[in-house]
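Structure record follows, encoded as structure tokens.
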Amino acid sequence: MKIGGESYWITYYKYDYKVQPNQSAPVYEYIIEKSVGKESVDVCGMDLMGNKKDLGEQEVYAYRTVVTPVKGKALDDTLTITVWYVSNMSEAFLYPWDVMWMGYMSPTGATDKNFVGIQFEYKGQTMRLTNPAPFQSGLFPCVEGDSDSLGEIGDDLSYLYMGWVAVIHLGFWYEWSDVNVLVPQSGAWTDLQGHSWAWSTTPDGTASYSGHTFKLVDFQWSYEGTVEGVKLQGQGKFSPDLPLVVESEGYYSYQDEEGKTTVIYGYLKLEDLKLEKVSP
């Protein structure tokens, strides 16, 4: 990201995060802290006979998420999730963890040349999966540690992603990318086939993070796809100079095959942010 003509990396952020997985469930709350840096990790693989092969230490990018439950379903202690990649994966910084990690255990997923591994640490137990494909072909991923320790917090792991998607994984960023949001703006769109979209933005003050001040914009948006039975709506604050939303509250509702509607609620508030200037 650019600030005053200088380039910076976001190396850390902290969010207050709330999620309600359906309209009859309680609201769960977590503190999410995410950081990125380079480190070395031991990588192993398995051959067709099930023999383990040590590939030694490899230098990787580590995306580390520390989850502290305020009110979890089963999570009652700090959970640390680390995902390793060969190259810098900026999109991985937007989400608490890579929900596709189970796919890397399949023969197809094991060919990924950038994903190196994922590790869960909870209550003194560790489960680690490493993918040898970036360093040596013909091997399958290697799983070490206690994978059973994740079973009891499976619902919390799902909640860490679903509410995040409800408030982040939406099209409003694309809608506003070419709009001067520092003056009041609004827009609406429909394809006359059951899909409609509306949004508005209003400048509203500033916020300071890591010694820098950012202009803020209030936003509201809504989307409805009557054909699919999907509705999205939300509001919050963002800065046109930050890739992370400052505050966002949203609802995502959908209908299943039987016509039952499920409403997911998500809330994020950026509490802290650390920046590091990129060396020329």
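Rounded to whole numbers, the Karplus 3J(HN,Hα) couplings from phi for region 253-259 are 10, 8, 10, 7, 5, 8, x Hz, using 6.51 cos²θ - 1.76 cosθ + 1.60 with θ = phi - 60°, and x at Gly and Pro.
I need to check one value: relative contact order of region 171-280, counting alpha carbon pairs closer than 8 Å and at least 6 residues apart, in percent.
17
For LYS260, the accessible area of its heavy atoms, probed at 1.4 Å with every protein chain present, is near 130 square angstrom. Normalised by the number of residues in the chain, the average gap of Cα pairs under 8 Å and 6 or more apart makes the relative contact order 20 percent.
Sort MET49, MET1 from largest to smallest accessible area, using a 1.4 Å probe on the heavy atoms of the protein chains. Show your work: numbers first, answer last.
Working: MET49 160, MET1 55 Å².
Ranked list, largest accessible area first: MET49, MET1.
Projected onto their three principal axes, the Cα atoms of the chain cover extents of 61, 56, 37 Å, largest first. Comparing ASP241, ASP191, ASP112 in a Gaussian network model of the chain (Cα springs below 10 Å), the most mobile by mean-square fluctuation is ASP191. Applying the Karplus relation 6.51 cos²θ - 1.76 cosθ + 1.60 with θ = phi - 60° to region 6-16 yields 3J(HN,Hα) values of 9, 9, 9, 9, 7, 9, 6, 8, 9, 10, 8 Hz, where x marks Gly and Pro.
A simple rule links phi to the HN-Hα coupling: the Karplus curve 6.51 cos²θ - 1.76 cosθ + 1.60 with θ = phi - 60°, which for region 214-227 gives 10, 6, 10, 9, 6, 9, 9, 8, 8, 9, 9, x, 5, 5 Hz, with x for Gly and Pro.
Could you check how much of the accessible area of the chain is carbon and sulfur, as a whole percent, using a 1.4 Å probe?
Working: 6880 of 14110 Å².
Reported share for carbon and sulfur atoms: 49 percent.
Solvent-accessible surface of region 2-153, taken per residue with a 1.4 Å probe and all protein chains present: 47 Å². Counting only heavy atoms of the protein chains and using a 1.4 Å probe, SER279 has close to 100 Å² of accessible surface. Taking the longest Cα principal axis of the chain as reference, the axis of helix 154-168 is set at about 40 degrees.
Anisotropy class assigned to region 2-153 is oblate, per the alpha carbon gyration tensor with a/c at or over the 1.5 cut-off and a/b no larger than b/c.
The values are calculated or read from the model by the stated rules, or taken from the named source; none is laboratory data. Since we're looking at a predicted model, the values are computed, not measured. Heavy atoms of the whole protein, side chains included, go into the accessibility calculation; ligands, DNA and RNA do not. Shrake-Rupley method; radii C 1.70, N 1.55, O 1.52, S 1.80 Å.
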